[in-house]
């Protein structure tokens, strides 16, 4: 009894023995011994609850120190098990539920009681949904909320694991979009290197247009191997525009390279080994314009060191040729080329007398120039076309040069499956003539020189005639003087004779 009383004192609880006992009693091995079972059965009796030990244990167990011990944690874990609920201790703690007593008057609020033992674990509720979305049926599809439920089989936004596709399930780049992409002002589509983001594409509100900005330059390129000038096709750099050069340095527009275009006989002044009259050939053309070119000045390359000079021209013959050119007044059939009256030469007429100033190329002529209706490529219009001809067709939203596949007097068919109103401009010809007015100008210079020579000869003859005329006038004056002298002598003679006779 003395030992039990001692073990109930606070002094014993501070000893190593007490701590060793508590640590042992918290182990699973102790809970399987007969001693543990006997202790539990005894502690469940009413006699134990009337002892000082029980009271001391209850007081200690109500302290914060006890709640921080392994014993307390072990007790709580054990009391939550089904095994504990089957013990006499549990049943004794629970007791039989008595009848409710009469409601008494509320008493004075007492001090908080000791922490009671944890209640019995309630029955587990019904398992709820796991919150996971259902599995999709295709790789890469991305879910989205459609307003009613989660859609898991939609490829509007597709993730292949490496590439992202919008509107496509087979993205071939890090991001591929099938459809329109809108970037609202003032935001821009930026292309960045490791240093900056000065390369961008954005809307420019001051002109309601598009601004393409490059940090150093803007390049528009092609990679077609059949293109003789593929590469840096169009470059904007240092305030200049370059075509087929990435370093434009001559003028505001610098064109480097050419295409070989078909032309007929021509007169040329170029950077080649020869300058003069050429036979029909493909010309290396850098700039071709269907309408006029306006400039404050034109400088033609004409250095003697790039030419094989055959000799001076025969200006007398050039004058004869110039005199045969028929200057004609006319208007253009196509008013888009201008509506003012024109006074110039006609290529076909000039070709008969000065062929080296006329060239031939492939172009479209307005030889039909009529509106019509097109039904799946069939155009109802009287014509003189033949199968294989090519015609320029102008539709409401675009224009095409189409091949004639069938031709009849009142209609023809082309290789276009289109319908609607169409304006039939005319046919493509391979003998479209152009005039080298620079050659005509030089012909005029040579002819003018011939006229100058004639004028100079006439001036010399005129000077001779003037000299002869002056000599004649002098002789005439001398003759008049002599005549007057003779008349005076004759008068004097007559006067003397009359005096003698008297």
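Any residue that is within 23 Å of the chain's Cα centre (by Cα) and assigned to a loop (DSSP other than H, G, I, E, B) - is there at least one of those in the stretch 136-149?
Of the stretch 136-149, the ones within 23 Å of the chain's Cα centre (by Cα) are none.
No.
Conditions first: (1) at pLDDT below 75; (2) part of a loop (DSSP other than H, G, I, E, B). Residue 260 passes all but one, so which condition is the exception?
It is condition (2) that residue 260 fails.
Table: residues versus (1) out of contact with any helix residue (DSSP H, G or I) (no Cβ under 6 Å at 6 or more places or on another chain); (2) assigned to a loop (DSSP other than H, G, I, E, B); (3) more than 23 Å from residue 234 (Cα to Cα).
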position	(1), (2), (3)
168	yes, yes, yes
183	yes, yes, yes
202	yes, no, no
215	yes, yes, no
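Of the conditions (1) without any contact (Cβ under 8 Å) to a residue 12 or more places away in the chain; (2) within 30 Å of residue 375 (Cβ to Cβ), residue 426 clears all except one; give me its number.
Looking at each condition in turn, residue 426 falls short on (1).
When the residues of the stretch 304-336 are filtered to those that are in contact with a helix residue (DSSP H, G or I) (Cβ under 7 Å, 6 or more places away or on another chain) and touching a residue at least 60 places away in the same chain (Cβ under 8 Å), which remaining residue is nearest to residue 431 (Cα to Cα)? Full working, then the answer.
Taking the stretch 304-336 as the starting set, the residues that turn out to be in contact with a helix residue (DSSP H, G or I) (Cβ under 7 Å, 6 or more places away or on another chain) are 313, 315-316, 318-319, 321-322, 324-326.
Now narrow it down to the ones that are touching a residue at least 60 places away in the same chain (Cβ under 8 Å): 313, 315-316, 318-319, 321-322, 325.
Details: 313: 29, 315: 30, 316: 31, 318: 26, 319: 28, 321: 23, 322: 24, 325: 21 Å.
That would be 325.
Looking at the stretch 286-303, can you tell me whether even one residue there is in contact with a strand residue (DSSP E or B) (Cβ under 7 Å, 6 or more places away or on another chain), surrounded by 10 or more Cβ atoms within 10 Å (Cβ to Cβ), touching a residue at least 12 places away in the same chain (Cβ under 8 Å) and part of a strand (DSSP E or B)?
The answer is no, given that none of the residues of the stretch 286-303 is in contact with a strand residue (DSSP E or B) (Cβ under 7 Å, 6 or more places away or on another chain), surrounded by 10 or more Cβ atoms within 10 Å (Cβ to Cβ), touching a residue at least 12 places away in the same chain (Cβ under 8 Å) and part of a strand (DSSP E or B).
Tell me, which residue of the stretch 204-213 that is surrounded by 10 or more Cβ atoms within 10 Å (Cβ to Cβ) and assigned to a strand (DSSP E or B) is nearest to the chain's Cα centre (by Cα)? Steps first, answer last, please.
Kept after step one, since they are surrounded by 10 or more Cβ atoms within 10 Å (Cβ to Cβ), are these residues of the stretch 204-213: 204-205, 211-213.
The next check asks that each one be assigned to a strand (DSSP E or B); those that pass are 204, 211-213.
On the way: 204: 14, 211: 10, 212: 8, 213: 11 Å.
Checked the stretch 204-213; the qualifying residue nearest to the chain's Cα centre (by Cα) is 212.
Conditions first: (1) exposed (fewer than 15 other Cβ atoms within 10 Å of the Cβ); (2) more than 30 Å from residue 444 (Cα to Cα); (3) under 40 Å from the mean Cα position of the chain (by Cα). Residue 382 passes all but one, so which condition is the exception?
Here residue 382 meets the rest and fails (3).
Can you tell me which residue among 377, 311, 296 is more than 27 Å from residue 409 (Cα to Cα) and under 46 Å from the mean Cα position of the chain (by Cα)? Walk me through it before giving the result.
Values: 377 fails: more than 27 Å from residue 409 (Cα to Cα); 311 fails: under 46 Å from the mean Cα position of the chain (by Cα).
Exactly one residue qualifies, and that residue is 296.
Out of (1) in contact with a strand residue (DSSP E or B) (Cβ under 6 Å, 6 or more places away or on another chain); (2) outside any helix (DSSP H, G or I), the odd one out for residue 429 is which?
For residue 429, the failing item is (1).
Report, by residue number, each residue of the stretch 314-336 that is within 49 Å of the chain's Cα centre (by Cα) and either assigned by TED's automatic domain parsing to the domain that holds residue 368 or outside any helix (DSSP H, G or I) (or both).
Of the stretch 314-336, the ones within 49 Å of the chain's Cα centre (by Cα) are 328-336.
Matches in the stretch 314-336: 328, 329, 330, 331, 332, 333, 334.
How many residues are surrounded by 16 or more Cβ atoms within 10 Å (Cβ to Cβ), under 18 Å from residue 366 (Cα atoms) and within 32 Å of the chain's Cα centre (by Cα) if we restrict to the stretch 401-431?
2
Being at pLDDT 75 or above, surrounded by 10 or more Cβ atoms within 10 Å (Cβ to Cβ) and on the phi < 0 side of the Ramachandran plot is true for just one of 229, 245. Which residue is that?
Testing whether each residue is at pLDDT 75 or above, surrounded by 10 or more Cβ atoms within 10 Å (Cβ to Cβ) and on the phi < 0 side of the Ramachandran plot leaves just 245.
Which one of these is more than 30 Å from residue 350 (Cβ to Cβ), out of contact with any strand residue (DSSP E or B) (no Cβ under 9 Å at 6 or more places or on another chain) and at pLDDT 80 or above: 239, 251? Break it down into steps so the answer makes sense when it comes.
Values: 251 fails: out of contact with any strand residue (DSSP E or B) (no Cβ under 9 Å at 6 or more places or on another chain).
239 is the lone residue from the list that is more than 30 Å from residue 350 (Cβ to Cβ), out of contact with any strand residue (DSSP E or B) (no Cβ under 9 Å at 6 or more places or on another chain) and at pLDDT 80 or above.
Would you mind stating whether residue 76 is under 19 Å from residue 28 (Cα atoms) and free of Cβ contacts under 8 Å to residues at least 24 places away in the same chain?
Numbers: under 19 Å from residue 28 (Cα atoms): yes; free of Cβ contacts under 8 Å to residues at least 24 places away in the same chain: no.
No: the conditions fail for residue 76.
Just wondering, is there one or more residues in the stretch 340-348 that are touching a helix residue (DSSP H, G or I) at 6+ places or on another chain (Cβ under 6 Å), surrounded by fewer than 12 Cβ atoms within 10 Å (Cβ to Cβ) and not assigned by TED's automatic domain parsing to the domain that holds residue 290? Walk me through how you get there before you give the answer.
The initial filter retains those residues of the stretch 340-348 that are touching a helix residue (DSSP H, G or I) at 6+ places or on another chain (Cβ under 6 Å), namely none.
Scanning the stretch 340-348 turns up no residue that is touching a helix residue (DSSP H, G or I) at 6+ places or on another chain (Cβ under 6 Å), surrounded by fewer than 12 Cβ atoms within 10 Å (Cβ to Cβ) and not assigned by TED's automatic domain parsing to the domain that holds residue 290.
Out of the residues in the stretch 337-366 that are in a helix (DSSP H, G or I) and in contact (Cβ under 8 Å) with a residue 40 or more places away in the chain, which is farthest from residue 451 (Cα to Cα)? Give the steps one after another, and end with the answer.
Restricting attention to the stretch 337-366, the residues satisfying the condition of being in a helix (DSSP H, G or I) are 337, 347-353, 355-357.
When the remaining residues are screened for being in contact (Cβ under 8 Å) with a residue 40 or more places away in the chain, the result is 337, 347-348, 350-351, 355-357.
Details: 337: 36, 347: 25, 348: 27, 350: 21, 351: 24, 355: 23, 356: 23, 357: 22 Å.
So the residue we want is 337.
If you go through the stretch 186-197 one residue at a time, do you hit one that is loosely packed, with under 12 Cβ neighbours inside 10 Å, within 17 Å of the chain's Cα centre (by Cα), outside any loop (DSSP other than H, G, I, E, B) and at pLDDT below 80?
yes
The values are calculated or read from the model by the stated rules, or taken from the named source; none is laboratory data. Everything quoted here is computed from the prediction, not taken from an experiment. All Cβ positions, even for glycine, are placed from backbone atoms using ideal geometry, and neighbour counts span all protein chains on display.
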